[in-house]
Amino acid sequence: NQNIVLSASTYARESNVRGLEILFTYHGSDLLPYRLPVLSNFPETTSPHEYSFLLPEACYRENALEIVPWSEKKHREEDWCEGSACKLIIDPVLQDESEILFDSQPELLKYRATDISINLVTNWYWKRAEEIENYSMQVDCALSLVRLGMERNIPGLRSLCDDLVTLETLVYETGCDITLKLKELQQMENIEKLRLLMSKSSEDRYVKN
């Protein structure tokens, strides 16, 4: 049997969005606890808009914010021999299919969860955006992920969004420091950020800017 978690991670690394959607939909019981770790395997250079419909979203139910469950389907009814009870008889020590994934990426282990919480998803969006910016230096991809999270009602992302907007302006629009990193920006005082923003403005445009 093919390792379903490994297959999903491979699809993500290949940016095979359709293949991953099928796995989540028809193998959800085995795969959805690893949804966030799998999504972390998309290349940092792939636009999050390409896999936006795979991203977690939240909605209010009875005045409480909850993660929307993935809509699962079945190809067919499960045979009796495919049930967990039968599997335990055949193979009493079932292999953890996620071992390969977490052996190489142990930092993703904290995102494994059967019922993912709002706090866990917020943390994932935040950390993943930081990774995208840090590893690829593509501020636009990091900002896209954060904005997609906010559109999906994920709380706690506003300050990171603001920082990425400022960084995007400094890197892409003013061009004052194309090597500036998010962590460096976050350590600056507001007055330092303002000086950078205005550093390439002419006298005629200074007041306007």
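Any read-out appearing in this document is the output of simple, stated calculations on the displayed coordinates, not a laboratory observation. Bear in mind that the values here come from a model prediction, so they are computed numbers and not experimental data. Cβ coordinates were reconstructed from backbone atoms using ideal geometry, including for glycine residues, and neighbour counts include every protein chain displayed.
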### Phi-based couplings in Hz for segment 39-50 (Karplus 6.51, -1.76, 1.60; Gly and Pro marked x)
4, 5, 8, 4, x, 5, 8, 7, 4, x, 5, 5
### Query
Local charge sum around Trp70 (other residues, Cβ-Cβ under 11 Å, Lys/Arg +1, Asp/Glu -1)?
-1
### Message
Which order do the peptides 33-43, 9-19, 125-135 come out in when sorted by mean C-beta neighbours inside 10 angstrom, highest first?
### Response
33-43, 125-135, 9-19
### Message
Can you compute the charge dipole magnitude of segment 4-198 about its Cα centre, using +1 on each Lys and Arg Cβ and -1 on each Asp and Glu Cβ, nothing else charged? Give it in debye, rounded to the nearest 20.
### Response
260
#### Entry: Hydrodynamic radius by Kirkwood, which averages 1/r over all alpha carbon pairs of segment 4-198, in angstrom
18.6
#### Entry: segment 102-110 - phi-based ³J(HN,Hα) in whole Hz, Karplus 6.51/-1.76/1.60, Gly and Pro as x
7, 5, 8, 9, x, 5, 8, 4, 5
#### Entry: ³J(HN,Hα), Karplus 6.51/-1.76/1.60, whole Hz, each residue of segment 150-156, x for Gly, Pro
5, 4, 9, 6, 7, x, x
### Task
Count charges around Glu184 for me, please; just the other residues with Cβ under 15 Å from its Cβ, Lys/Arg as +1, Asp/Glu as -1.
-3
### Query
R0 = 25 Å: FRET efficiency of Asn119 with Cys59, Cβ-based, nearest 0.05?
0.95
